[in-house]
Amino acid sequence: MDIVKNLIRNEQFSGYYLAESFLKTNGKSYLNPKNEYQTVNLRDFGRLKIRHNLRVLICFSKEKEHEQQEVAVEALRHGHQVMLLPSYFQLPIFHSNIEPIFGEHYLLMRMQNALDNWFYKKIKRLFDLIIACLLLTLSLPILILAAIWIRSVSKGPALFRQKRIGLNGENFPCLKLRTMEVGAHQTLVRWKKNAPDTWAEYEKNNFKLDRDPRLIKGAHFLRKYSIDELPQLLNVVKGDMSMVGPRPLLPREIKSYGINFENYTRTIPGITGLWQVNGRSHTTFTKRAELDSWYIQNWSVWLDIIITLKTFKIVLLGLGERH
């Protein structure tokens, strides 16, 4: 139940809300005014036909397979729709097809990765170019003002190039506005050698520090509203990056990415992605790798549009970066 509530809360664009939940046991029904849902027994399905046009969502569980079948049959018997939520997190279920086999007593789920299809790759590239060119035009005055500010408060160039891992595991220069003092990498090396506590905190917080002494004046503002990442729109136009995709990895992060790295190298990294709209710096690095892998396996144009819209909201509200 908690999983379903979190899904609906985080996916406000879906248009779904939690009306009621069903218990197989003869537990007592109750009303929760805050969440506006009621838990009822399976035997009470009949009375709901009058009150609701229900879509019954069933989360698959091997331990409760028999009970789930009972709920599905009972819901269909009373004229409700049944929706299934499989537990195949890492599989490309977005582009799957259901085929009946063996006299329709069993179902065969055929899966495929959309980003392996050249036509879908062209559609994604067209989406990237349209959005990137539009945003570059609109954000040019902001980029110029930010560059002037950086040069006025610190020594060194306003633009920062960092080696990142892209398609097929090849390196590319990822562009950002510089928000740290020149020589920040050397400071990081010293921490690793001489300040183990600081280095441990840096690793634990997804390679970030809440109060990083290397930051220049105004860096928190630039990062909070993702202004420092606007130059990556040039990476998108060039083709090194996509608008939506897995966050580009640093070489030192490959080992931490684990078994998902091979999947990561199959697509172009993005400016934004599932990680950014699902907690960003508040999530663990392992969770980030899982979200990236799920996106790669289940890409669709609609998914890119939803993530892009969510990103605009996060950026405008300044929710994307923890300081």
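With all pairs of different alpha carbon atoms counted, what Kirkwood hydrodynamic radius in Å does the stretch 216-292 show? Intermediate results must be reported in sequence, preceding the final value.
On the way: mean 1/r = 0.0750 Å⁻¹.
Kirkwood hydrodynamic radius for the stretch 216-292: 13.3 Å.
So what are the three principal axis dimensions of the stretch 128-173 from its Cα atoms, in whole Å, longest to shortest?
39, 28, 7
Using the alpha-carbon centroid of each, what span in Å lies between the stretch 253-309 and the stretch 108-172?
Using only Cα atoms, the two centres lie 14 Å from each other.
Based on the Cβ-Cβ distance of residue 211 and residue 138, what FRET efficiency does E = 1/(1 + (r/R0)^6) give at R0 = 30 Å, to the nearest 0.05?
On the way: r = 32 Å, r/R0 = 1.08.
Using R0 = 30 Å, I get an efficiency of 0.40.
What number, in percent, do you get for the relative contact order of the stretch 170-323 if the mean sequence gap of Cα pairs under 8 Å and at least 6 apart is divided by its residue count? Don't skip to the end; give the middle numbers.
Values: 182 pairs, mean separation 42.0, N = 154.
Value for the stretch 170-323: 27 percent.
Could you sort out which of 122/238; 255/287; 163/238 sit more than 19 Å apart by Cα distance in this structure? List each step's numbers first, then the result.
Numbers: 122/238 15 Å; 255/287 15 Å; 163/238 16 Å.
Too far apart for the 19 Å limit: no listed pair.
Using θ = phi - 60° and the Karplus curve 6.51 cos²θ - 1.76 cosθ + 1.60, what whole-Hz ³J(HN,Hα) does each residue of the stretch 253-261 get, with Gly and Pro shown as x?
The phi angles translate into 8, 4, 4, 5, 6, x, 5, 7, 5 Hz.
Let me know the volume per residue of the alpha-carbon convex hull for the stretch 177-270, in Å³. All intermediate terms of the calculation are to be shown ahead of the outcome.
Working: hull volume 11.0 nm³, N = 94.
Measuring per residue, one finds 117 Å³ for the Cα hull of the stretch 177-270.
Taking the stretch 133-229, which GluC sites (Glu not before Pro) meet the DSSP loop condition and have no more than 13 other C-beta atoms within 10 Å? Could you put the intermediate results ahead of the total?
Details: sites: 170, 181, 201, 203, 229; in loops: 170, 181.
Filter output for the stretch 133-229: 170.
Sorting check: for 156-169, 131-144, 236-249, 283-296, which peptide has the highest mean count of neighbouring beta carbons within 10 Å, and how do the rest follow?
Result, highest mean first: 236-249, 283-296, 156-169, 131-144.
For residue 305, what accessible surface area do you get with a 1.4 Å probe? Give it in Å², rounded to 10.
60 Å²
Would you kindly derive the ³J(HN,Hα) couplings of the stretch 213-223 from the backbone phi angles with the Karplus curve 6.51 cos²θ - 1.76 cosθ + 1.60 (θ = phi - 60°), listing them in order in whole Hz, with x for Gly and Pro?
x, 7, 6, 7, 5, x, 5, 4, 5, 4, 7
Using the Cα gyration tensor of the stretch 117-259, with a ≥ b ≥ c the square roots of its eigenvalues, what is the shape: rounded (a/c below 1.5), prolate (a/b larger than b/c) or oblate (neither)? Mind showing how you got there, number by number?
Numbers: a/c = 2.44, a/b = 1.27, b/c = 1.93.
Because a/c hits 1.5 or more and a/b fails to exceed b/c, the stretch 117-259 counts as oblate.
Quick check: pseudo-label points 7 Å beyond the Cα along Cα→Cβ at residue 190 and residue 121, how many nm apart are they?
4.6 nm
Tally up the carbon and sulfur contribution to the accessible surface of the stretch 132-210 as a whole percent, 1.4 Å probe, everything protein left in place. Each step should come with its number before you reach the end.
Values: 2980 of 4990 Å².
Answer for the stretch 132-210 is 60 percent, counting heavy atoms of protein chains only.
The values are calculated or read from the model by the stated rules, or taken from the named source; none is laboratory data. Note that the structure is a prediction, hence the values are computed from the model and not measured. Don't worry about glycine lacking a Cβ; one is built from the backbone with ideal geometry, like all the others, and counts go over all protein chains shown. We work out accessible area using only protein heavy atoms, side chains counted, and drop any ligands, DNA or RNA first. Shrake-Rupley method; radii C 1.70, N 1.55, O 1.52, S 1.80 Å.
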